[in-house]
1. Could you please find all residues in segment B:13-48 being loosely packed, with under 14 Cβ neighbours inside 10 Å and assigned to a loop (DSSP other than H, G, I, E, B)?
2. Restricting the search to segment B:90-120, which residues are touching an Asp or Glu at 6+ places or on another chain (Cβ under 6 Å) and not in a strand (DSSP E or B)?
3. Return yes or no: is B:Ala174 in a loop (DSSP other than H, G, I, E, B) and open to solvent by 50 Å² or more (accessible area, probe 1.4 Å)?
4. Please verify whether segment A:97-104 includes one or more residues that are more than 19 Å from A:Phe152 (Cβ to Cβ) and either open to solvent by less than 30 Å² (accessible area, probe 1.4 Å) or touching a residue at least 60 places away in the same chain (Cβ under 8 Å) (or both).
5. Taking B:Arg69 as meeting all but one of (1) more than 8 Å from chain A (Cβ to nearest Cβ); (2) of a type in the set (Lys, Arg); (3) not in a loop (DSSP other than H, G, I, E, B), write down the number of the exception.
6. Within segment A:239-284, can you find the residues that are of a type in the set (Gly, Ala, Ser) and outside any helix (DSSP H, G or I)?
7. For segment A:1-9, state whether one or more residues are open to solvent by less than 60 Å² (accessible area, probe 1.4 Å), part of a helix (DSSP H, G or I), within 7 Å of DNA strand C (Cβ to nearest atom) and within 24 Å of B:Arg7 (Cα to Cα).
8. Do any residues in segment B:77-90 that are within 7 Å of chain A (Cβ to nearest Cβ) have Cβ atoms under 8 Å from those of residues that are among the hydroxyl-bearing types (Ser, Thr, Tyr) and open to solvent by 30 Å² or more (accessible area, probe 1.4 Å), where the two are at least six apart or on different chains, and which pairs are they?
There are 2 protein chains.
Amino acid sequence: MSDLEVRQLRYFVAVAEELHFGRAADRLGMAQPPLSRAIREIERQLGVTLLERTTRRVTLTSAGEVLLRDARTALDAVTAAGRRAMHAGRPEPTLRLAMKADYDGGLLPQILAAYRTEPAALPLEFVLGGRDQQEPALRDGRADIALLPRPFDDRGLDVEPLLTEPRLLAVAAADPLTAHERLHLADLKGRFLPDGRAADREDLPPVRTTGPGADGRPARQPRQLDLAQIFNLVELGDSVWFPPVSVVRRHPRPGIVHRPVVDLPPLELALAWPQESRSPAVAAFVRTACEVAATAQVTATATSTATAT
Amino acid sequence: MSDLEVRQLRYFVAVAEELHFGRAADRLGMAQPPLSRAIREIERQLGVTLLERTTRRVTLTSAGEVLLRDARTALDAVTAAGRRAMHAGRPEPTLRLAMKADYDGGLLPQILAAYRTEPAALPLEFVLGGRDQQEPALRDGRADIALLPRPFDDRGLDVEPLLTEPRLLAVAAADPLTAHERLHLADLKGRFLPDGRAADREDLPPVRTTGPGADGRPARQPRQLDLAQIFNLVELGDSVWFPPVSVVRRHPRPGIVHRPVVDLPPLELALAWPQESRSPAVAAFVRTACEVAATAQVTATATSTATAT
DNA sequence: ATCACTCATACCTCCACGGTATCAGTGGTG
DNA sequence: CACCACTGATACCGTGGAGGTATGAGTGAT
């Protein structure tokens, strides 16, 4: 009845994800037999069957599904403990802010300026990464706080909404859609976003593979696109996009035209940080950022409707 | 840069709590030298000093404080992973409800009756324990859901308020306080609750040691008192108490008199469960309990003011 | 019926974790 | 001021368990 070890959790997660002992062992950099033994030992310790195995198929039992989810969060917690301690022990501590480049509502300069005047402020460090890297970075201790668009998985995180920013439709200048001054989502049926999601149903997972792909073999999962790539796809007419107004303002581009979409939900940016955090630097940043956003929101909404190109 | 092991986390927590390698080693059931080496190895892995040690004193560095907190939550997460999987693999799964005996607002029978009619319902199992055992039980996987009074540390937990129940003053029948029909908290200055907290400031930590204590040596931390013990202390005039009305109704006691206290905050009972939980049995229980509480609350408030003895 | 694939078993090796003995600072005390 | 008790660090050793290799055995496709 003693605790599992981190090694055991890692082994189980690998097998549960691959559903194949050989590949899992490969991924773990070890041979298959000791992995089989290790999994069996976990099952013996817990007194539970985690995997149904034949020589042809490996499937998770319901107990295995439970363990897979909990093992992931436990591993994150262990990683986070080490990383946070490592960071806290540095001679010059910093506040690590995870964000996606340009997704700051244009407020970052003001927030930073205001934050630096705080007595509890620490020097800032930026953890740039794709949207899907931000929650993990918070959870495993790579970042202290994140600025990220909603919705996101906020389990284990404290959240403070920061600002709401309208988004526009970005489309190639030659596109027939530009004939309308105002659009509805329904007008975008059959169009796709750069990551392959349907433009009129961005809540659904990607349905189109993106990228060059012309080489014949099916393109793999949509990889992280940077702004330049996105702009190219839009300008070429391959995709449309929904940039927030601050991005439009910051990156004017002749070949791309913007139009308001009346039923397009706005971008909601929020701050998130680990619940355990009792760091005064985090608290000061949250307070400062909220104040800046609150005052800026007023002026922003007053001018935003006039900026549609 | 690899993860710490559970063993290392346990060792560090022991030393950080004892601030003494010898005692920590003793607690861990091992000799002191390997423990010293293990801690040094953790510091080497992280590249950080966790403990300042002389041969006379051991103190935590700031990095050590960070690791102590995060290591505790990580260890809880690991324990929870194992326990939840163990429980999920049982042939007859159950829903384990953590609660403090009698702190159910008198609704538990109705809630259980309603719950059993749910299609997603599982057989219930009760995890009885003191108030301070309930959050840990959720966090380390001994319980699936808890019924507990607010406020509590809800980090990592999802919470649903269930009901608000007035509390009364319970006092010995011979006490002069019984002369008043209605009281204020200020009238209770100098009185103590059974656990040693000041009756007029129950938000503060205990200031009086309780229990027999007459043996001369100072009584240790207030241990968990059961209802019978509490009633005894109250009846003897040693303490006053703030039972919720459902407890008063369920346990009438001749030597104890109850009075309303106008500025005494009511008892707020809430349901809490781990955020990771996606169990339909938990969801069904929450929904059912909330429905029962909502309908019962109406009738309860209508009669509660008339029940003051 | 055969074959390719994959998980389990058997056996071996070695490292790292823990134990014992001892050293080396530190702070209190007569 | 010298001595002593206390406590963490170091040195050295033994063993259990984690991982590797070779191989068996069951399963599903052709």
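The values are calculated or read from the model by the stated rules, or taken from the named source; none is laboratory data. Here the structure is a predicted model, which means the values were calculated and not measured. Note that each Cβ is placed from the backbone with ideal geometry, even for glycine, and that neighbours are counted across all protein chains shown. These area figures cover heavy atoms from the full protein model, side chains too; ligands, DNA and RNA do not enter into them. Shrake-Rupley method; radii C 1.70, N 1.55, O 1.52, S 1.80 Å.
1. B:Gly29, B:Ala31, B:Gly47
2. The initial filter retains those residues of segment B:90-120 that are touching an Asp or Glu at 6+ places or on another chain (Cβ under 6 Å), namely B:94-96, B:105.
If the condition is that a residue be touching an Asp or Glu at 6+ places or on another chain (Cβ under 6 Å) and not in a strand (DSSP E or B), then B:Thr94, B:Gly105 are the ones that fit.
3. Numbers: in a loop (DSSP other than H, G, I, E, B): yes; open to solvent by 50 Å² or more (accessible area, probe 1.4 Å): yes.
Yes: the conditions hold for B:Ala174.
4. So in segment A:97-104, the residues more than 19 Å from A:Phe152 (Cβ to Cβ) come out as none.
Checking segment A:97-104: not a single residue is more than 19 Å from A:Phe152 (Cβ to Cβ) and either open to solvent by less than 30 Å² (accessible area, probe 1.4 Å) or touching a residue at least 60 places away in the same chain (Cβ under 8 Å) (or both).
5. (1)
6. Here is the first cut: in segment A:239-284, the ones of a type in the set (Gly, Ala, Ser) are A:239, A:246, A:255, A:270, A:272, A:277, A:279, A:281, A:283-284.
A:Ser239, A:Gly255, A:Ala270, A:Ala272, A:Ser277, A:Ser279, listed by residue number.
7. Filtering segment A:1-9 for residues open to solvent by less than 60 Å² (accessible area, probe 1.4 Å) gives A:3-6, A:8-9.
Of the ones still in play, those that are also part of a helix (DSSP H, G or I) are A:6, A:8-9.
Then drop every residue that is not within 7 Å of DNA strand C (Cβ to nearest atom), which leaves none.
No; the residues of segment A:1-9 include none that is open to solvent by less than 60 Å² (accessible area, probe 1.4 Å), part of a helix (DSSP H, G or I), within 7 Å of DNA strand C (Cβ to nearest atom) and within 24 Å of B:Arg7 (Cα to Cα).
8. B:Ala77/A:Thr73; B:Ala81/A:Thr73; B:Ala88/A:Ser62; B:Gly89/A:Thr49; B:Gly89/A:Ser62
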